[in-house]
Amino acid sequence: MAVIVTDSGFAPEDFEGVFTAPDTLPGMGVHHALDLPPYTDPTALEGRLNDLGLIRIDFPSFADGRGFSIGRALRRLGYTGRLRAKGHVLADQYAMARRSGFDEVEIDDDLAARQPEDQWLARADWQNHDYRSRLAG
């Protein structure tokens, strides 16, 4: 089962749509979510993103940061919908995910048990805990 992490803490899955691969993108709508692997070229999706209810980007390892770059690129391309990081994202990486444009993180029950909600909530004030805010002090 999946746990969804937001700035408010842990929540159950609430997206009731269909998750599909990028090659099935045409004809989708707000009840569809796009599953992107970490090697996706976001520019290949330009102009085809506005009707999606959610984009979920896979993080196969906590050491693989390509998903952060993909998320940021999608936001720069104008995607305003729900953006989710899925997989091996650690609580320590939550602020980076949020700054990269992600709205939420999807983790499995095992990771949620190893890194409980309080560890994620400690990073939920992500806008005030970056180097720029400390320098502006």
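The values are calculated or read from the model by the stated rules, or taken from the named source; none is laboratory data. From a predicted model like this one, the values you see are computed outputs, not experimental measurements. No Cβ is skipped: glycine too gets one built from the backbone with ideal geometry, and neighbour counts run over all protein chains shown. Each accessible area value is taken on the protein alone, full model and side chains, heavy atoms only, with ligands, DNA and RNA left out. Shrake-Rupley method; radii C 1.70, N 1.55, O 1.52, S 1.80 Å.
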Exercise for review: Just need a number here: residues in segment 62-81 that are more than 23 Å from ASP23 (Cβ to Cβ) and open to solvent by less than 40 Å² (accessible area, probe 1.4 Å).
Suggested key: 2
Revision key, fill the gap. In segment 106-115, anything open to solvent by 50 Å² or more (accessible area, probe 1.4 Å) and either in contact with a Phe, Trp or Tyr (Cβ under 9 Å, 6 or more places away or on another chain) or of a type in the set (A, V, I, L, M) (or both) is listed as ALA113
Revision key, fill the gap. The lone condition ALA73 fails out of (1) at pLDDT 95 or above; (2) assigned to a loop (DSSP other than H, G, I, E, B); (3) not basic (Lys, Arg) is (2)
Exercise for review: Go through (1) more than 28 Å from ASP118 (Cβ to Cβ); (2) assigned to a strand (DSSP E or B); (3) open to solvent by less than 10 Å² (accessible area, probe 1.4 Å) one by one and return the number of the condition ARG84 breaks.
Suggested key: (1)
Exercise for review: With the condition kept exactly as written, say whether any residue in segment 3-15 is assigned to a strand (DSSP E or B), open to solvent by less than 70 Å² (accessible area, probe 1.4 Å), aliphatic (A, V, I, L, M) and in contact with a Pro (Cβ under 9 Å, 6 or more places away or on another chain).
Suggested key: yes
Review point. Does ASP51 satisfy the criteria of being more than 23 Å from PRO12 (Cα to Cα), of a type in the set (Asp, Glu) and at pLDDT below 90?
Key: yes
Exercise for review: Report yes if some residue within segment 28-50 is touching a Leu at 6+ places or on another chain (Cβ under 6 Å) and closer than 24 Å to LEU121 by Cα; otherwise report no.
Suggested key: no
Point to revise | Only listed residue being at pLDDT below 95 and open to solvent by less than 70 Å² (accessible area, probe 1.4 Å), chosen from ASP41, ASP35, ASP103 | key: ASP35
